[in-house]
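One structure is given below, encoded as structure tokens.
What follows draws every value from the coordinates through simple rules; no lab data is involved. The model shown is predicted, which means the values in this text are computed figures rather than measured ones. A quick note on method: Cβ atoms are made from the backbone with ideal geometry, for glycine too, and the neighbour counts reach across all protein chains shown.
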Amino acid sequence: PWTDVRNAIYAYLAGQVSAERIASLTDLALKGGLDPYNCDCWYGWIAMRFFVPLVLGQEQRQLVFEEQVFHTEWVLWLGSPWMEMLDSPWDVPAVLAATAGGLEGVLQETQPDEGCSMEELRLRSHLYEELESIVNPGPAQSAPSLALARAAAGILLHLPQEVLAEGGKVETVWKAPCPAHAAAIAALILGLAAPGGFRVTPGYAYRLVQKILQTTGHMGFSSLLASPWPITGLLPKLTDRVKASRGREEAIAEDKLAQQVVEASEVEFPGVLPTFLPPATRRERLQLFHGLKALHAALTAGHIPYMAITGTLLGAMRHHGFIPWDGDADICADIRDEARLLKVVLLQGPASGGTAQAPAREASSPIVRAAAILHSAGYDLFAHAERPLTFKLSGRDLL
């Protein structure tokens, strides 16, 4: 029966399900005919929890939703990372968006502006000016504008450090839903604006949205669905974006880079078999060294401790440089400094050029100096991967 449910959910979202099918599924769901232990994944059970209110009458929706909401909160906020949803055949974000639309008029709307700053309210106003083109499923769909991405980056520059802290008391971060939802929207915007945005990849933005919403669990799941911030509307868009680019663009880029390295090494070392060619030319190793030098200066200025790891550490100790067969450099920072690293990323400005405007009170802060050092040295820091959490350094210009 779970396969029938999944097919029915997709048909319902596409507007292709009959009234008879909805009636049979409603009867199956309400009479307990679905055993969660027989489902192929946990997300199927939560998708069904979302789906049940959609196929009920208006009077029944509120009662059923309130009974289901506890389980929904657990999966979204306390369960596994959202990145695992991408491997599931159940499109939970799409069902969530449909549920939010189906419960309009049933849920009591939260105080829309309580706790929000003028900067956050301006972001919402600007977002609604572009919202139709961003969520449009057709060819008219467009990415958020640079101005909207700038506004979103400005919101995330104020993100409380506790949001990204592991094991922190997150229930004390936000006093009202509005600023938390503004931060979640800002992360969604930057993820949808990539690669022309603020060096925040869709995968990292996806992780950041969950981290932010995890801090709102004490406010209740209804506050999210009734929020004037269109989180449930933009989340499926970012989900689709992450699925489309997950691993594919990165693999293509790495393959092209590897081929360029081989071709350059063949020129530098003529007559050497490809098996024995070094993974990087002298020129590339020099650029790698300059990148590490710039990153050291930036992290030192930003008061962000780090250490060399894996082959980079081994090469420094054994070879007094890079391992001859190593083609990259790896360093490790404390997970508790993630918020500071994210600020460095945002303060570099948009990928299309220029720098971000730092808050006045932080104009001369160590983090601002760190971003300026990287920018002047010709390097960009990206909030790149989500599992494992990775920030990547890239040079803008070859030496």
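General remarks:
- Summed side-chain charge close to VAL345 - residues other than VAL345 whose Cβ falls under 11 Å, Lys, Arg +1, Asp, Glu -1: +2
- Multiplying the residue separation of LEU86 and TRP325 by 0.36 nm and subtracting their alpha-carbon distance yields 82.5 nm.
- Note on TYR306/ASN7: beta-carbon distance plugged into 1/(1 + (r/R0)^6) with R0 of 45 Å gives a FRET efficiency of 0.35.
- The residues neighbouring PHE382, those whose beta-carbon lies less than 9 Å from its own, together hold a net charge of +1 under the Lys/Arg +1, Asp/Glu -1 convention.
- Taking label positions 7 Å along the Cα-Cβ direction at both LEU313 and PHE269, the computed distance is 2.7 nm, reported to one decimal.
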